[in-house]
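Written below as structure tokens is the structure these notes are about.
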Amino acid sequence: MGKRLAGAVAFVSTGASGAAGGGVGAGLEPELARRLAAEGATVIVVGSDAAEAAEAGRWVAELASDGAGGGRAAVYCAAGDAEADVDALVELAAELSR
């Protein structure tokens, strides 16, 4: 597979499967994150609570350790303040892109 997304930052939200009652990782998020990383993207998984962040952390650690995305993957637990969360995510993305 190529590295079409090298240098890009991809955000994957865990909220969709969590809202449906499936919980983080029950849906397509882990596979989406893996594919984005395999294409060279830095992947940031965004969860809405500590439990989602902890679960997402397990499969994000796999992304970082297998080198699929250049070892660049992170989890962000949203605080619920949209403006502050966006600012923090932009800062995190910039930090990971250095």
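The values are calculated or read from the model by the stated rules, or taken from the named source; none is laboratory data. Since this is a predicted model, take the numbers as computed values, not measurements. All Cβ positions, glycine included, derive from the backbone under ideal geometry; neighbour counts span all protein chains shown.
Applying a threshold of 9 Å to beta carbon distances and a minimum spacing of six or more residues, or different chains, the list of pairs starting in the range 86-98 at a residue that is without any contact (Cβ under 8 Å) to a residue 40 or more places away in the chain and ending at one that is surrounded by 16 or more Cβ atoms within 10 Å (Cβ to Cβ) reads ALA88/TYR76; ALA88/ALA78; ALA94/VAL9; GLU95/ALA74.
Counting the residues of the range 69-88 that are buried (at least 17 other Cβ atoms within 10 Å of the Cβ) and either under 20 Å from ALA51 (Cα atoms) or among the β-branched types (Val, Ile, Thr) (or both) gives 6. When ALA6, ALA26 are checked against the criterion of being at pLDDT below 85, surrounded by fewer than 16 Cβ atoms within 10 Å (Cβ to Cβ) and of a type outside the set (Val, Ile, Thr), ALA26 stands alone in meeting it. The set of residues in the range 59-79 that are among the hydroxyl-bearing types (Ser, Thr, Tyr) and either assigned to a loop (DSSP other than H, G, I, E, B) or at pLDDT below 75 (or both) contains only SER65. With respect to (1) at pLDDT 85 or above; (2) within 14 Å of the chain's Cα centre (by Cα); (3) surrounded by fewer than 18 Cβ atoms within 10 Å (Cβ to Cβ); (4) not hydroxyl-bearing (Ser, Thr, Tyr), the lone exception for GLY47 is condition (3).
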